[in-house]
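Reviewing the structure listed below.
The values are calculated or read from the model by the stated rules, or taken from the named source; none is laboratory data. All values derive from a computational prediction rather than experimental measurement. Heads up, the Cβs are rebuilt from the backbone with ideal geometry, glycines too, and the neighbour counts pull from every protein chain shown. Only protein heavy atoms, including side chains, enter the accessible area calculation; ligands, DNA and RNA are left aside. Shrake-Rupley method; radii C 1.70, N 1.55, O 1.52, S 1.80 Å.
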Amino acid sequence: MTTEVASVNGSTPFKDIAEVLITHGVSAVPVVDAENHVLGVVSEADLLCKEEFREAYYAEGYQPPLRARLRHRLSGEGADVRRKAAGHTAAQLMSAPAVTVPATASAVIAARRMDERGVKRLVVVDEDGTLQGIVSRRDLLRAFVRPDADIAWEVREDVLKRSLLVETAGVNVDVRQGVVTLSGHMDRRSRALLAVRLIARVDGVVNVIDELQWKRDDT
């Protein structure tokens, strides 16, 4: 995640929010209270609602494009969009509650949360809901450019030796372009299956090819 995060408070005016977005080169900022608890998020899209539904345009007979009107109607967002269009402060403009993820969450959980909620970024908070940072799609993609040697080391030392207490002499770990190939032998099939599942969760692993053999099928 990115820990140096620009934020605004609920009373921050519209123009100041726009200036923060432009100055910091971001598309959204968290809205926090005096104790740095996250209240919501205000984005470029939230600010642009004012342009889309500006009263001056309606006075001239303007209406948003049909596609936009249908989208708001079908999604049930029409009232929310109009509320934001009339807003002048972050509290009135923000989307709340914010889509957040705990600082202790794995990259996999963060990616699933983004997919489920249809967002490009997540606000990272601690147990009390205090702002810790922002994690974006780009941040998650960085895990997949992790060197193969680092992935292989974590598979051998952290997963096999420490988590499974497996003697690695009988297990071969080969990592190429993030794809982990396991070969060799283990005592039990259940342990081999567990190893594959745990290795698939390692940051940077694209896929796991299971070529392991076992002495006893205890599944």
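Miscellaneous remarks
- Residues located in the range 1-46, provided they are charged (D, E, K, R) and more than 14 Å from residue 90 (Cβ to Cβ): 4, 35
- Checked against the criterion of being in a strand (DSSP E or B), surrounded by 19 or more Cβ atoms within 10 Å (Cβ to Cβ) and at pLDDT 90 or above, the candidates 159, 175 yield just one match: 175.
- Residue-level analysis places residue 28 outside the set of residues that are of a type in the set (A, V, I, L, M, F, W, C), modelled with pLDDT under 95 and loosely packed, with under 14 Cβ neighbours inside 10 Å.
- The range 178-204 - residue that is touching a residue at least 60 places away in the same chain (Cβ under 8 Å) and not basic (Lys, Arg) and, of those, most open to solvent (accessible area, probe 1.4 Å): 203
- Flag for residue 168 being open to solvent by 70 Å² or more (accessible area, probe 1.4 Å), modelled with pLDDT under 90 and more than 30 Å from residue 47 (Cβ to Cβ): no
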